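Down below is the structure, laid out as structure tokens.
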Amino acid sequence: MKINVADAETLLSYVEEMVSYGYQFAAYPLKLITDSDTIQFFRTSMAAEDYCLVGPE
């Protein structure tokens, strides 16, 4: 994962917010810089796995 260092604190806040809503799993495209626009959150491991296998809809 490549993280935009300038966006790291914002990303951390975003992840904490998503966890507070019940999301426990995350997936993201490996070849893109990970930020709040590219990371996807899921409540189940199966949903995250489907995203990884099928890709974004």
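The values are calculated or read from the model by the stated rules, or taken from the named source; none is laboratory data. Just so it is clear, the model here is predicted, and its values are computed rather than measured. So basically every Cβ, Gly included, is an ideal-geometry build from the backbone, and we count neighbours across all protein chains shown.
Table for the structure above
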quantity	calculated
Of all residues making up region 28-57, the number that are in a strand (DSSP E or B) and at pLDDT below 80	2
Residues located in region 16-33, provided they are surrounded by 12 or more Cβ atoms within 10 Å (Cβ to Cβ) and of a type in the set (A, V, I, L, M, F, W, C)	MET18, VAL19, PHE25, ALA26, ALA27, LEU32, ILE33
